[in-house]
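Right, one structure below, let's go through it.
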Amino acid sequence: MSDNETFYPGPSRIHLAAFPPKERWDDWTELDSRAWPRRKERHYSLVPTTCFNCESACGLLAYIDKVTGEVQKFEGNPEHPGSRGRNCAKGPATLNQVTDPDRILYPLKRLGKRGDGKWQRTSWDEALNTIAARIRKAIVEERRDEVMYHVGRPGEDGFTERILAAWGIDGHNSHTNICSSGSREGYQLWMGLDRPSPDHANAKVILLISAHLESGHYFNPHAQRVIDGKANGAKLIVFDTRLSSTATHADYWIAPYPGSEAAILLAIANYLIQNNLYNSEFVETWWNWREYVAQPSTFTLDFKEEPPSFSDFEDILKELYGEYTFEFASKESGVEAKVIKEIAEVVATAGTRFSSHNWRSVSSGVSGGWSVARCLFFINALLGAVATEGGVFPNAWNKFVPRPIYTPPHPKMWNETTWPREYPLSMNEMSFLLPHLLKDGRTKLDTYFTRVYNPVWTNPDGFSWIEMLTDPDLVGCYVALTPTWNETAYYADYVLPMGVGSERHDIHSYETHDSQWLGFRQPVLKALKHREGTNINDTREVNPGEVWEENEFWLELTWRIDPDGSLGIRQFAESKKNPGTRLGVDEYYEWIFDNSVPGLPEKAAAENLTPLQFMRRYGAFEVKNKIGKIYEEVVGREELEDARVDEFGRVFTRAAKPAGPNIVPLPLPDGDDEGRRLVGIKFGDTIKRGFPTPSGRLEFFSKTLNDWGWPEYAIPSYFKSHVHPDNLEPDQTILISTFRLAVQIHTRSANSKWLDEIAHTNPLWIHPSHADKLNVITGDLLRVETEIGYYVVPAWVTEGIRPGIVACSHHMGRWKLSDEGQRQLMATVKLDRNGTQWGLKRERGIEPYESTDADTQRIWWKDAGVHQNMTFPVHPDPISGMHCWHQAVRVRRAEPADEPGDIFVDTEKSREVFKKWLALTRPADKYSPDRTRRPYWMLRPLKPAREYYKLPE
Ligand code: SF4
């Protein structure tokens with residue numbers, strides 16, 4: 001390596017582990033391993049893109065062979081600020097997805113009845129024209145609520161929401177309520193933003209309630225920073241009922257009774273409160289305690305002053321949380337009181353360097369799971385470890401979302417199917433209830449898209465989804481946009497092949513650390529052609545078969561819905577450079593990089609590149625490092641116009657929000673009826689930015705919960721979940737069904753051969769003491785009985801699980817109905833139906849097969865695991881809307897005729913469970929304080945125009 005070349009230190013910080021210097025990305029030389037012992041050189045062009053195999057969006061470098069023109073491998077992109085050149089196993093396995101011999105290469109149209117499994121090849125033109133005509137008709141006939149787009153992995157921030165807004169429909173549906181709504185609700189209640197951004201690398205103490213995190217979500221960018229933190233001396237505390245890979249790295253691992261985590265967190269908080277170990281200056285300044293003490297309430301303590309002082313509030317705090325002793329937490333959790341005390345003492349040493357994270361895990365497992373995230377952030381709020389070095393930031397401060405070329409107006413409608421009035425405080429669409437809401441006759445769907453989403457397999461209650469999809473009265477046309485075969489796509493009318501991470505465009509930014517960066521996912525073969533001076537207008541020219549990319553697909557579909565522009569839709573898909581022609585993705589990204597990424601044009605110019613060329617060459621750009629405390633930012637005079645200040649110091653202005661990036665979107669609080677927006681909090685002569693909550697401060701007290709029918713949960717609290725021992729029958733136990741395998745990718749890894757070889761089964765984790773009682777050993781078959789049916793699974797006896805609790809990874813049990821489909825991890829099964837009773841039985845496991853890839857002949861595994869989600873009914877949390885995944889189950893030895901993977905379900909029972917949980921809600925009709933459907937300040941994808949928040953009279 002020469003002195004003029006960039007040195008990217010690898011993990012071991014020595015040259016041998018370094019990444020290729022960027023100066024040699026046009027011609028990188030490696031020896032061909034297959035030619036050994038000859039020293040045969042191979043030359044590569046290195047082209048960046050972004051991994052699409054989880055949300056972390058790590059950088060990848062495609063090594064494109066200069067002779068064959070094919071991608072030889074994917075490795076890390078050292079220019080990417082989030083992943084810093086590192087990847088997990090799933091990143092390099094992108095190559096398996098590209099070369100998958102069973103992938104879908106051409107648009108397909110159904111033959112016969114839905115689910116018959118018969119297909120014919122069709123053209124993109126035919127598919128686009130048919131779908132566009134349906135959507136146009138639905139729009140013109142004012143049936144706009146019958147068009148729905150249901151997304152799994154979103155990719156680019158807001159792209160498809162803007163397409164739907166251009167169509168004027170409120171048709172966005174996400175997977176979030178089977179994923180992360182629980183955590184999101186807890187964080188949003190505190191800080192107005194729904195995700196935490198922990199600064200693990202600079203923390204003194206790290207507390208994680210999210211094995212999921214380091215084994216699937218923000219896996220690599222966070223995991224590497226947790227390890228950096230540990231290397232710097234941080235203590236790592238992990239709460240997980242199961243010994244996760246994260247827990248194996250912990251200084252303190254506790255395995256609480258599932259659902260008791262909030263009790264432990266409140267005991268830690270109580271220790272800080274009773275011993276005055278919290279940051280009282282921060283609490284006094286940034287909590288909305290004044291609003292709390294101003295409420296008419298049932299305080300048993302007399303206030304010393306009127307209005308009550310902070311000292312009064314501190315006394316109240318001591319009284320409120322005094323009951324959360326270590327002994328109480330121990331009784332609820334089964335963790336020894338002295339261990340909890342020791343952890344509390346460690347937490348107390350962190351000061352403002354306390355990083356914490358709760359994502360999925362228990363917050364997605366139990367009713368009221370959102371309170372776990374809320375009680376965890378309570379500790380950060382007590383310590384003042386908010387937006388500090390080593391603390392936790394609101395996600396939007398560590399994320400960069402640039403302004404797009406067009407911003408269509410908010411849709412003028414409210415979709416009752418995705419945002420039913422029973423769930424006014426849900427974090428996201430009530431997506432997993434769709435079959436039940438349609439069966440109830442609330443609406444029907446004319447055109448239904450799924451996009452990188454497989455609800456039959458991923459969601460609970462999959463047989464109800466099959467019933468919905470096979471009923472043409474409920475779903476008129478179902479279009480599956482997917483790179484691979486999946487269980488839901490078998491019931492589609494159109495299966496349209498979409499590109500994997502190296503075959504499509506997206507931009508994205510995530511809260512990996514205290515920084516703002518922008519990553520660029522791009523079709524690498526197209527990017528190389530650009531580098532060589534050839535323009536490619538359509539990714540189908542370089543992708544395998546007729547695989548397309550979604551952004552081009554959506555722009556083209558939008559164009560065809562409104563070909564003459566008479567509906568006002570076409571304008572949002574039109575080129576600015578060449579009016580009258582369709583906007584292309586090059587112009588789309590060129591506009592963004594030229595106009596709304598501060599610093600990028602200058603940085604690109606320094607290398608004689610345009611901003612788009614820069615992003616094509618390096619794949620990422622760091623907009624700003626070290627964001628710090630945005631809440632302390634002083635609001636400038638230009639933002640004040642006809643301002644007024646209320647009794648809590650909130651400042652409201654008539655000045656419009658300044659445009660541009662890095663402006664934190666403070667909401668307009670309810671009740672500000674004069675059209676002013678909240679701009680900050682007044683301290684003496686200074687106005688500070690504050691937090692995007694209705695109070696402008698961190699909300700210890702949620703006026704929203706208080707006013708919308710849930711006053712008992714207005715402050716952080718612990719309550720008994722649906723799987724609390726008081727709610728179980730004596731012979732029931734808890735099944736933890738949410739954990740991931742670190743090397744699988746939801747429904748997209750069925751043919752990632754390297755990953756499948758590592759992990760291809762999901763036995764039931766069971767403690768030896770529990771196994772002894774059932775008289776089973778590893779490999780014996782068990783029946784796991786849920787409320788609506790059962791599944792059959794082999795036991796895996798392990799001490800890595802709390803005694804009496806069982807666990808099964810959701811990453812397995814892929815199936816297909818015929819040989820059509822991915823053959824490396826999908827078993828062939830037979831479905832039997834008798835009325836509402838369904839059975840699934842495996843006919844053939846995984847076998848070697850002949851294909852274009854010689855490795856498929858070397859397949860040695862047979863198992864594909866069990867599809868347990870099929871046997872779970874829906875459990876919508878009445879506040880967050882989160883599906884509560886943990887199941888109260890009976891586990892017993894299998895029957896003699898049972899075979900691994902067997903499933904039985906009665907969907908009539910799943911209807912009953914749905915109705916039981918629906919009855920727990922407090923609907924907006926009855927509880928809304930202002931006759932709106934939802935508090936306007938709460939986050940919502942694709943917000944409708946404000947007037948559509950009003951409930952109909
Ligand atoms: S953590 Fe792994 S799967 Fe996720 S984006 Fe990074 S490399 Fe891909």
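Meeting the requirement of 3 or more residues that are within 16 Å of Lys816 (Cβ to Cβ) and not β-branched (Val, Ile, Thr), the strands (runs of 3 or more DSSP E) wholly within the range 828-911 are 837-844.
Give me the pairs: first residue in the range 442-465 and closer than 25 Å to Ile745 by Cβ and surrounded by 24 or more Cβ atoms within 10 Å (Cβ to Cβ), second residue among the aromatic types (Phe, Trp, Tyr) and modelled with pLDDT of 95 or more, beta-carbon distance under 6 Å, and six or more apart or on different chains, which are they? The qualifying pairs are Tyr448/Tyr478; Phe449/Tyr149; Pro455/Trp465; Val456/Trp465; Asn459/Phe432; Pro460/Phe872; Phe463/Trp838.
On the stretch given as the range 858-895, residues that are free of Cβ contacts under 8 Å to residues at least 24 places away in the same chain and over 20 Å from Val829 (Cα atoms) total 1. Among the residues of the range 22-71, which ones are more than 14 Å from the ligand (Cβ to nearest atom), of a type in the set (Phe, Trp, Tyr) and under 22 Å from Trp754 (Cα atoms)? Result: Tyr63, single match. For the range 394-449, a residue qualifies if it is modelled with pLDDT under 95, in a helix (DSSP H, G or I) and not small (Gly, Ala, Ser), and the qualifying residues are Asn395, Trp397, Asn398.
Rundown of residues vs (1) under 27 Å from the mean Cα position of the chain (by Cα); (2) surrounded by 15 or more Cβ atoms within 10 Å (Cβ to Cβ); (3) small (Gly, Ala, Ser), yes/no style:
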{"position": "Phe914", "(1), (2), (3)": "yes, yes, no"}
{"position": "Trp937", "(1), (2), (3)": "yes, yes, no"}
{"position": "Leu942", "(1), (2), (3)": "yes, yes, no"}
{"position": "Arg946", "(1), (2), (3)": "yes, no, no"}
{"position": "Pro952", "(1), (2), (3)": "no, no, no"}
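Taken over the range 89-112, the residue count meeting the criterion of being away from the ligand (no atom under 16 Å from the Cβ) and touching a Pro at 6+ places or on another chain (Cβ under 9 Å) is 8.
Scanning the range 393-412 for residues that are under 13 Å from Pro198 (Cα atoms) and either among the acidic types (Asp, Glu) or surrounded by fewer than 20 Cβ atoms within 10 Å (Cβ to Cβ) (or both) gives a single hit, Asn395.
When Pro455 is tested against (1) touching a Gly at 6+ places or on another chain (Cβ under 9 Å); (2) over 21 Å from Gly789 (Cβ atoms), only condition (2) is not met. For the range 72-85, filtered to residues that are in contact with a helix residue (DSSP H, G or I) (Cβ under 7 Å, 6 or more places away or on another chain) and under 21 Å from Asp756 (Cα atoms), the residue that is farthest from the ligand (Cβ to nearest atom) is Lys73. Here Arg42 clears all of (1) in a loop (DSSP other than H, G, I, E, B); (2) surrounded by fewer than 23 Cβ atoms within 10 Å (Cβ to Cβ) except the condition numbered (1). With respect to (1) more than 26 Å from Arg451 (Cβ to Cβ); (2) in a helix (DSSP H, G or I); (3) touching a residue at least 12 places away in the same chain (Cβ under 8 Å), the lone exception for Asp756 is condition (1).
Here the strands (runs of 3 or more DSSP E) wholly within the range 108-157 that include at least 1 residues being closer than 30 Å to Pro402 by Cα and in contact with a helix residue (DSSP H, G or I) (Cβ under 7 Å, 6 or more places away or on another chain) are 147-151.
Looking only at residues in the range 215-269 that are charged (D, E, K, R) and part of a loop (DSSP other than H, G, I, E, B), which one is nearest to the ligand (Cβ to nearest atom)?
Kept after step one, since they are charged (D, E, K, R), are these residues of the range 215-269: 225, 228, 230, 235, 240, 242, 251, 261.
Filter once more, keeping what is part of a loop (DSSP other than H, G, I, E, B): 240, 251.
On the way: Asp240: 19, Asp251: 24 Å.
Taking the candidates together, the pick is Asp240.
Screening Lys773 against (1) surrounded by fewer than 18 Cβ atoms within 10 Å (Cβ to Cβ); (2) away from the ligand (no atom under 16 Å from the Cβ); (3) in contact (Cβ under 8 Å) with a residue 12 or more places away in the chain leaves a single unmet condition, (3).
Return the total of residues in the range 50-77 being β-branched (Val, Ile, Thr) and closer than 12 Å to Val524 by Cβ.
Filtering the range 50-77 for residues β-branched (Val, Ile, Thr) gives 50, 64, 67-68, 71.
If we keep only those that are closer than 12 Å to Val524 by Cβ too, we end up with 50, 64, 71.
Final tally of qualifying residues: 3.
Evaluation of Asp170 against the conditions (1) surrounded by fewer than 22 Cβ atoms within 10 Å (Cβ to Cβ); (2) among the acidic types (Asp, Glu); (3) under 21 Å from Phe572 (Cα atoms) shows that the sole unmet condition is (1). Looking at the range 575-612, which of its residues are without any contact (Cβ under 8 Å) to a residue 24 or more places away in the chain and polar (S, T, N, Q)? Passing the criteria: Ser575, Asn578, Thr581, Asn608, Thr610. Select from the range 693-748 the residues that are assigned to a loop (DSSP other than H, G, I, E, B) and among the aliphatic types (A, V, I, L, M) and write down the one among them that is nearest to Ser928 (Cα to Cα). Going through the qualifying residues, I end up with Ala714. Residue-level analysis places Thr778 among those that are surrounded by fewer than 15 Cβ atoms within 10 Å (Cβ to Cβ), under 27 Å from Ile254 (Cβ atoms) and either touching a strand residue (DSSP E or B) at 6+ places or on another chain (Cβ under 7 Å) or of a type in the set (Val, Ile, Thr) (or both). Filtered by the rule that a residue be closer than 28 Å to Glu712 by Cα and assigned to a helix (DSSP H, G or I), the range 348-369 gives Ser361, Val362, Ser363, Ser364.
Among the residues examined, Leu437 qualifies as out of contact with any Gly (no Cβ under 7 Å at 6 or more places or on another chain), of a type outside the set (Gly, Ala, Ser) and free of Cβ contacts under 8 Å to residues at least 40 places away in the same chain.
Tally up the residues in the range 574-588 that are over 28 Å from the mean Cα position of the chain (by Cα) and either at positive phi or in a helix (DSSP H, G or I) (or both), please.
Keep residues of the range 574-588 that are over 28 Å from the mean Cα position of the chain (by Cα), which gives 574-584, 587.
This time we only want the ones that are either at positive phi or in a helix (DSSP H, G or I) (or both), so: 580, 587.
The number of residues fulfilling the criteria is 2.
Close Cβ contacts (under 7 Å, 6 or more residues apart or on different chains) running from residues in the range 46-57 that are in contact (Cβ under 8 Å) with a residue 40 or more places away in the chain and farther than 22 Å from Pro21 by Cβ to residues that are among the aliphatic types (A, V, I, L, M) and away from the ligand (no atom under 11 Å from the Cβ) comprise Phe52/Val500.
The values are calculated or read from the model by the stated rules, or taken from the named source; none is laboratory data. Everything numeric in this text was worked out from a predicted model, so none of it was measured. Heads up, the Cβs are rebuilt from the backbone with ideal geometry, glycines too, and the neighbour counts pull from every protein chain shown.
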